[in-house]
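Here is the structure we will look at, set down as structure tokens.
Values in this text are rule-based calculations from the coordinates and carry no lab data. This one's a predicted model, so the numbers in the text were calculated from it and none came from an experiment. Counting neighbours? That spans all protein chains shown, and the Cβs are built from the backbone with ideal geometry, glycine included.
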Amino acid sequence: MSIEKAISLCYFFLKFRPRTEAEIIRYLERKSLRFHFSNEIIHATVTQLKQGGFINDEKFVKMYVANRNLLKPRGSFLLKRELSHLGIQKNLIEEYFSQNKTDETKTAIDLLKRRESLKRLDEKIRFKKAISYLLRKGFTYDIAKKAYSASYY
């Protein structure tokens, strides 16, 4: 009875977007206060969801990075931090980023071109604001500087 309830709750949780294994475990631990799930039930539920293909952290990393780059581009540093916060293991993150190199300079240039408000500013202020904007987006200082040079010269 309890494992069926846990799986049912997980299906509802997965209905909105794909989740990582760590997110599912945290969700079930929160729900265990109300439904009294034991660790064995949580582990069995996660195992069953993995076997059913509902949880796959490798696919999640690929999907997350692709969606993030499409909708809200970020630097690899910030993407790695977001994935780590979602509970993805560091070795999976490093493996993905070592196999899939992206042109961060091009992404940073595109982000700067979208910022129309920077074009009206004085040169020194524009440089400072553009660099700090790109640093907040997870790009390194070197990439931010290259992108600024390519965008405004």
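What about Asn91, is it loosely packed, with under 12 Cβ neighbours inside 10 Å, part of a helix (DSSP H, G or I) and polar (S, T, N, Q)? Quick ask: steps written out before the conclusion?
Details: loosely packed, with under 12 Cβ neighbours inside 10 Å: yes; part of a helix (DSSP H, G or I): yes; polar (S, T, N, Q): yes.
It is true that Asn91 is loosely packed, with under 12 Cβ neighbours inside 10 Å, part of a helix (DSSP H, G or I) and polar (S, T, N, Q).
Kindly indicate whether Leu112 is hydrophobic (A, V, I, L, M, F, W, C), on the phi < 0 side of the Ramachandran plot and surrounded by fewer than 18 Cβ atoms within 10 Å (Cβ to Cβ). Before the answer, list the steps.
Numbers: hydrophobic (A, V, I, L, M, F, W, C): yes; on the phi < 0 side of the Ramachandran plot: yes; surrounded by fewer than 18 Cβ atoms within 10 Å (Cβ to Cβ): no.
Considered against the rule, which asks whether it is hydrophobic (A, V, I, L, M, F, W, C), on the phi < 0 side of the Ramachandran plot and surrounded by fewer than 18 Cβ atoms within 10 Å (Cβ to Cβ), Leu112 comes out as no.
Take Phe139 and decide whether it is out of contact with any helix residue (DSSP H, G or I) (no Cβ under 6 Å at 6 or more places or on another chain) and of a type in the set (Phe, Trp, Tyr). Before you say what the answer is, go through the steps one by one.
Numbers: out of contact with any helix residue (DSSP H, G or I) (no Cβ under 6 Å at 6 or more places or on another chain): no; of a type in the set (Phe, Trp, Tyr): yes.
In short, no.
Within the stretch 80-98, count every residue that is under 25 Å from Arg114 (Cα atoms) and touching a helix residue (DSSP H, G or I) at 6+ places or on another chain (Cβ under 6 Å). Before you say what the answer is, go through the steps one by one.
Keep residues of the stretch 80-98 that are under 25 Å from Arg114 (Cα atoms), which gives 80-82.
Add one more test, that the residue is touching a helix residue (DSSP H, G or I) at 6+ places or on another chain (Cβ under 6 Å), and what stays is 80.
Total satisfying the criteria: 1.
How many of the residues in the stretch 65-77 are surrounded by fewer than 17 Cβ atoms within 10 Å (Cβ to Cβ), assigned to a helix (DSSP H, G or I) and not aromatic (Phe, Trp, Tyr)?
Of the residues in that region, 6 qualify.
Report, by residue number, each residue of the stretch 14-41 that is among the basic types (Lys, Arg) and part of a helix (DSSP H, G or I).
Our first condition is that a residue be among the basic types (Lys, Arg); within the stretch 14-41, this holds for 15, 17, 19, 26, 30-31, 34.
Within the stretch 14-41, Arg26, Arg30, Lys31, Arg34 qualify.
Only one of (1) assigned to a helix (DSSP H, G or I); (2) closer than 29 Å to Asn56 by Cα is not met by Phe139, so which one is it?
Of the numbered conditions (1) assigned to a helix (DSSP H, G or I); (2) closer than 29 Å to Asn56 by Cα, the odd one out for Phe139 is (1).
So that you can scan it fast, the table gives a plain yes or no per residue for (1) within 30 Å of Lys15 (Cα to Cα); (2) small (Gly, Ala, Ser):
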| position | (1), (2) |
| --- | --- |
| Ala44 | yes, yes |
| Thr47 | yes, no |
| Phe54 | yes, no |
| His85 | yes, no |
| Lys106 | no, no |
| Leu118 | no, no |
| Lys145 | no, no |
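Within the group Ala6, Ala44, which residue is touching a Lys or Arg at 6+ places or on another chain (Cβ under 9 Å), assigned to a helix (DSSP H, G or I) and surrounded by 16 or more Cβ atoms within 10 Å (Cβ to Cβ)? Even if it seems obvious, please write down each step before you answer.
Details: Ala44 fails: touching a Lys or Arg at 6+ places or on another chain (Cβ under 9 Å).
None of the others qualify; the one that does is Ala6.
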